[in-house]
Amino acid sequence: MINYLEDHVARFAQVLRSFGLPVGTSEMLDALEALKYIELMDKSQFRAALKATLVKDPVHDAFFENAFSAYFVDPDVRKEQVQGHQDHLAAREEVKKELEFQDTALDLNERYLDMYLQLPDMEQKRVKDFVSRTSEGKNVTSSFKPILEKVIKGALDYQKERRKELRLVPVEPVGEEEIDAVLHQITVGNKEKDLLYRNMEYIDESEYQEARVLIRKLTRRLASGISRRYQHSSKIKRVDLRRSIRAGIRYGGTLMDLKYKQKKMQKPEIVILCDISGSMLKYSQFTLLFMQALSESLPRINAFVFADNLEKIDFMGFSVEQMTQSQIWGEGTNINTALKNLMGNHYQVLRKVSVLIVLSDTKSLQGEEAAKKLKEIKRRVKEIVWLNPLPKADWSRYPTVSLFQKYCSMRECSSLAQLSKVLTKHFI
Amino acid sequence: MNRIVFYSLSEENRKDEIMDFTLEQLSEKFKEENYICGEEILVPVYLALQLKKPLLIAGAPGVGKTEIAKVLSKVLKTELIRLQCYEGLDENKALYEWNYQKQLLYIQANKDHDSAVDIFSREYILERPLLKAIRAPKRVVLLVDEIDKTDAEFEAFLFEILSDFQVSVPEFGTIKANEIPVVVLTSNGERDLSDGLKRRCIFLHIGFPSIEKEVEIIRRKASALGGELTWQLARSVAYLRNEIGLRKKPSISETLDWAQALLAFNADRMTEHLIERTMNVLLKDQEDIETFINKGGAGEMLKRVKGRGKVERD
Ligand SMILES: Nc1ncnc2c1ncn2[C@@H]1O[C@H](COP(=O)(O)OP(=O)(O)OP(=O)(O)O)[C@@H](O)[C@H]1O
Ligand SMILES: [Mg+2]
């Protein structure tokens, strides 16, 4: 019995860990210990006991509930899950065969294969036909393959942008059939409603109000953390009575020489540049909303948006809706022009205490030039942090990433959870 | 199986006083103390007692975090020692302070002759909650309330104390607890607590109660309110919490305040006028008040919570 339980608790912990919950050995031992004191056959007690010992942060509650109901199921439901997962893997293999170029499969990773799988039949057919026509085309040599791959990826990316229902939570498979089936069930099979972990791109207009409330919560926590961390510089020094008395004993107990407790730190200033071209718009909207809320308690935030030029944002009267409407910029992204403009016209915001945050997928014209500007700015400011909404696994595909990484610390940032985590890490 | 055994050895080590409950009994006791909750709350509380680990309770203001510690001390028939945390709380105020006035008096009275009295001895110590809990002869409930208001430094210090319940006062050595206290920590989530502390604790996140539970709570704590009005009140609060996107959702204590306000107006039914006159008990943030009005105000709320009971306009 105990072995059986141990096994389940360990596997369940692994599922939670796959979603980034910090479940360690000590949590697992507590869970096993806890199970001794409850009615094992009572599912709600069982769930409560695991939750109390494995989950230590309320934001993980929703994940726990999802994972629990996907993991602890009857054997025949488990069979269905495994079947469902196998069907999915088989379907991926099918896709690979469908999308062959002169008898070799196109080099598409699992994300792209899943994207294709989620397209409506009509769209799938269009992609498929395009591939086969190209493959059979006259004068088409095998050197064409990489080009075709690029085109198909582009088309899939475009579809993903257009279709909000394509929600893919990337999880690394564990390599154990049953666990992977559970992971699959949790990611693909559910209606992920958790705004915090959702890719910001897929936050719907109808959910803006909820998102705003969530952002307020996150920023309140962050702001109080920042003010606590930096408060001591402005506060009146506190007398250390104990040290003072000790010193005073020599003078018959008169407090001659007051000793102080002290700390000193300077509050950071934030300069943020948000890319609002094409697919970056949503990320920038939410990030700016976040900054706007944060600016209520951290007044020294200077925000700019850019595409092929740069414009300063006034937080008073700023709203997401308004940004969607007034798209006055052209198509292209040019980080170089944006940085040049920043250094030329807003020189005064780049100070030794400022942290420059750039939000962009790095896809830009004049990358080399932009990197040079970054280098120069880096010397003036405390730090440059780059928020990149592209999945980290894909970064190597963009040469601009490594170019810019030389001068900044780059973080993956596509959900509100990641955004608040990055900021917490850098400022608290 | 399934029982808590408390051996509270008295100082002289004479007799074992045993208190033991099952989960069901704990549930009964909580009900007796008018704390209304289900297994999602009872199980973590019970486990913390069984595994002798601190219970860390998180949740929005006014959902009944502090109350759990109070109820526990009543259920266990023991003293509640409370350490209220705040910004700037330090070791001295939490553990012990030197009674420096007494020290000064002594030094000044004796400044002309050499005296050998040690002014850093027990006699000159002022016990603060943590030391009090450690020195208590009997098992106590130690409530560390709103731990998230302190800084990380203090949290680390507290973590040490919670590890072994002993402190060393340089002037006279180590003091160790007779009985490990039952520890309850509460947090409003203003700041993330350290992983170490979280790892040591059993965790309980309290959300807002269901309408049924809230009705039960109102019945217990504002029993003079009529049955139908009680339901409407609970539904109204649920509407405010879940449907209009407020910045600060009304808490259970605000529900109870509202119940009292309605009683003060001698209300027996919900009306728009009554809601408008008492709304300030529930919504305190200007922006929230505007949100409420923009979403249709009292009229809309009344429409939404209309049950089988009588709801009339005036
Ligand atoms: N489950 C419950 N049953 C009965 N009464 C409750 C319950 N939950 C809360 N209350 C009542 O609500 C009031 C507020 O509870 P409490 O002070 O414990 O909240 P809290 O979570 O500690 O809030 P804060 O974060 O503001 O300190 C208490 O007076 C308590 O009587
Ligand atoms: Mg409280």
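The values are calculated or read from the model by the stated rules, or taken from the named source; none is laboratory data. Everything numeric in this text was worked out from a predicted model, so none of it was measured. We place every Cβ from the backbone using ideal geometry, glycine too, and count neighbours over all the protein chains shown.
Below are the figures for this structure:
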item	result
Residue among B:Leu204, B:Leu197 that alone is more than 16 Å from ligand 2 (Cβ to nearest atom) and either among the basic types (Lys, Arg) or under 30 Å from A:Leu50 (Cα atoms) (or both)	B:Leu197
A:Val349 being among the hydrophobic types (A, V, I, L, M, F, W, C) and modelled with pLDDT of 90 or more	yes
Single unsatisfied condition, B:Val237 versus (1) in contact (Cβ under 8 Å) with a residue 40 or more places away in the chain; (2) surrounded by fewer than 18 Cβ atoms within 10 Å (Cβ to Cβ)	(2)
Criterion (free of Cβ contacts under 8 Å to residues at least 40 places away in the same chain, within 28 Å of A:Tyr208 (Cβ to Cβ) and touching an Asp or Glu at 6+ places or on another chain (Cβ under 7 Å)) met by exactly one of B:Gly299, B:Gly245	B:Gly299
Selected residue [away from chain A (no Cβ under 14 Å), within 30 Å of B:Tyr96 (Cβ to Cβ) and part of a loop (DSSP other than H, G, I, E, B)] from B:Glu190, B:Glu179	B:Glu179
Matching helices (runs of 4 or more DSSP H) fully within region A:1-65 where at least 2 residues are farther than 24 Å from B:Gly38 by Cβ	A:2-18, A:25-35
Qualifying position, being modelled with pLDDT under 75 and of a type in the set (A, V, I, L, M), among A:Val151, A:Val188	A:Val188
Set A:Ala52, A:Ala67, A:Ala34, A:Ala62: member being in contact with a strand residue (DSSP E or B) (Cβ under 6 Å, 6 or more places away or on another chain), of a type in the set (Gly, Ala, Ser) and touching a residue at least 12 places away in the same chain (Cβ under 8 Å)	A:Ala52
Test for B:Ile119: is it out of contact with any Asp or Glu (no Cβ under 8 Å at 6 or more places or on another chain), assigned to a loop (DSSP other than H, G, I, E, B) and not assigned by TED's automatic domain parsing to the domain that holds B:Ile57	yes
Selection count where residues are in a helix (DSSP H, G or I) and buried (at least 21 other Cβ atoms within 10 Å of the Cβ), scope region B:51-72	5
Pair list, Cβ under 7 Å, 6 or more apart: region B:64-76 residue outside the structural domain of B:Val144 (by TED's automatic domain parsing) and among the hydroxyl-bearing types (Ser, Thr, Tyr), other residue within 7 Å of ligand 1 (Cβ to nearest atom) and part of a helix (DSSP H, G or I)	none
Residue match in region A:363-381 (condition: hydroxyl-bearing (Ser, Thr, Tyr) and out of contact with any Ser or Thr (no Cβ under 6 Å at 6 or more places or on another chain))	no
Residues of region A:198-247 that turn out to be at pLDDT below 60 and at the interface with chain B (Cβ under 10 Å from one of its Cβ atoms), as a count	3
In region B:168-214, the residues that are surrounded by fewer than 19 Cβ atoms within 10 Å (Cβ to Cβ) and of a type in the set (Val, Ile, Thr)	B:Val169, B:Thr174, B:Ile175, B:Ile180, B:Ile211
Subset of region B:50-67 that is modelled with pLDDT under 95 and either of a type in the set (Asp, Glu) or out of contact with any helix residue (DSSP H, G or I) (no Cβ under 7 Å at 6 or more places or on another chain) (or both) - its residue that is nearest to ligand 1 (Cβ to nearest atom)	B:Pro61
Selected residue [free of Cβ contacts under 8 Å to residues at least 60 places away in the same chain and within 13 Å of ligand 1 (Cβ to nearest atom)] from B:Thr271, B:Thr278, B:Thr255	B:Thr255
Region B:217-227, residues that are among the charged types (D, E, K, R) and either more than 20 Å from the chain's Cα centre (by Cα) or more than 10 Å from ligand 1 (Cβ to nearest atom) (or both)	B:Arg219
From B:Glu254, B:Glu276, B:Glu287, residue being within 14 Å of chain A (Cβ to nearest Cβ), charged (D, E, K, R), under 29 Å from A:Arg212 (Cα atoms) and part of a helix (DSSP H, G or I)	B:Glu287
Positions within region B:187-203 being more than 11 Å from ligand 1 (Cβ to nearest atom), in contact (Cβ under 8 Å) with a residue 12 or more places away in the chain and touching a Pro at 6+ places or on another chain (Cβ under 8 Å), in sequence order	B:Arg200, B:Cys201, B:Ile202, B:Phe203
Single residue of region B:138-165 satisfying the filter (within 16 Å of ligand 1 (Cβ to nearest atom) and away from every other protein chain (no Cβ under 14 Å)) that is surrounded by the fewest Cβ atoms within 10 Å (Cβ to Cβ)	B:Asp145
Some residue of region B:81-93 being free of Cβ contacts under 8 Å to residues at least 60 places away in the same chain and either outside any loop (DSSP other than H, G, I, E, B) or not assigned by TED's automatic domain parsing to the domain that holds B:Thr22 (or both)	yes
Within region A:43-84, tally of residues that are away from chain B (no Cβ under 13 Å) and aliphatic (A, V, I, L, M)	5
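For every residue, the table says whether it meets (1) within 10 Å of chain A (Cβ to nearest Cβ); (2) at pLDDT 95 or above.
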| site | (1), (2) |
| --- | --- |
| B:Ile36 | no, no |
| B:Val43 | yes, yes |
| B:Lys70 | no, yes |
| B:Lys77 | no, no |
| B:Gly88 | yes, no |
| B:Lys93 | no, no |
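Yes/no matrix, rows are residues, columns are (1) surrounded by 15 or more Cβ atoms within 10 Å (Cβ to Cβ); (2) among the polar types (S, T, N, Q); (3) within 28 Å of the chain's Cα centre (by Cα):
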{"residue": "A:Thr25", "(1), (2), (3)": "no, yes, yes"}
{"residue": "A:Tyr37", "(1), (2), (3)": "yes, no, no"}
{"residue": "A:Leu50", "(1), (2), (3)": "yes, no, yes"}
{"residue": "A:Asp61", "(1), (2), (3)": "no, no, yes"}
